[in-house]
Structure formats: structure tokens, C-alpha cells
């Protein structure tokens, strides 16, 4: 059961990273950028519902979300990269995996 929970955790974190990567690819298109950052924001929020050693606290969730800022129109490439780095450092997603999402 623990391995299943780990895989679900990776799916949620990986999907957040996928949307952050997409936002980076569309940083100059406000419509796509807003959609992708909103999706990433939601998936980051779902990480608090993981169980065992794979969950993050509400404070950690808020820390990661704060890296994206309060206004996605103003979110920069550096902000998105900071959120990706946070996810890699604080979840079971690796740097190599994040490059392929």
C-alpha cells in the first residue's frame, strides 16, 4: 500500500511540475499561462492530502504557492522555476523526472 501512495504522490507532484513547465513554455501568452499556473496551483494544494511520509503540511503548501505570487499576470520565469525547485526539493519528484514532464 505504501508504494501505491508513493506513486499517487508522484503523480500529483509530477502533474504540478508538468503545468509549471507548460507555463514556462507559454510565459508570453497570458491565457495559457493563467490556465497552466492555475492548474499547478491546484495540484500543489492536493499534496497536503497525501499520506505517510509523502504529505506536505499546509504551511509548506502555502510556501510553494507563495513562490508563484498572488497575481499570475505578474508571475515571472524566475517565480515558476522557484516553485519547480521547491517541488523537487520537497516531494518525491526528481530533477531528471521533472525534465520529462
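No lab work stands behind these numbers, since they all come straight from the coordinates. Because the structure is a prediction, the values reported are computed rather than measured. Positions of Cβ are backbone-derived with ideal geometry, glycine not excepted, and every protein chain shown enters the neighbour counts.
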Qualifying position, being out of contact with any strand residue (DSSP E or B) (no Cβ under 7 Å at 6 or more places or on another chain) and surrounded by 16 or more Cβ atoms within 10 Å (Cβ to Cβ), among 76, 15: 15
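Go through the stretch 60-101 and count every residue that is out of contact with any helix residue (DSSP H, G or I) (no Cβ under 8 Å at 6 or more places or on another chain) and not in a helix (DSSP H, G or I). It would help to see each step written out before you state the result.
Of the stretch 60-101, the ones out of contact with any helix residue (DSSP H, G or I) (no Cβ under 8 Å at 6 or more places or on another chain) are 62, 66, 70-71, 74, 76, 78, 85, 89, 96, 99-100.
Keeping just the survivors that are not in a helix (DSSP H, G or I) gives 70-71, 76, 100.
Adding up the residues that qualify gives 4.
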message: Considering only the stretch 66-88, I want to know if a residue exists there that is over 15 Å from residue 20 (Cα atoms) and in contact (Cβ under 8 Å) with a residue 24 or more places away in the chain.
response: no
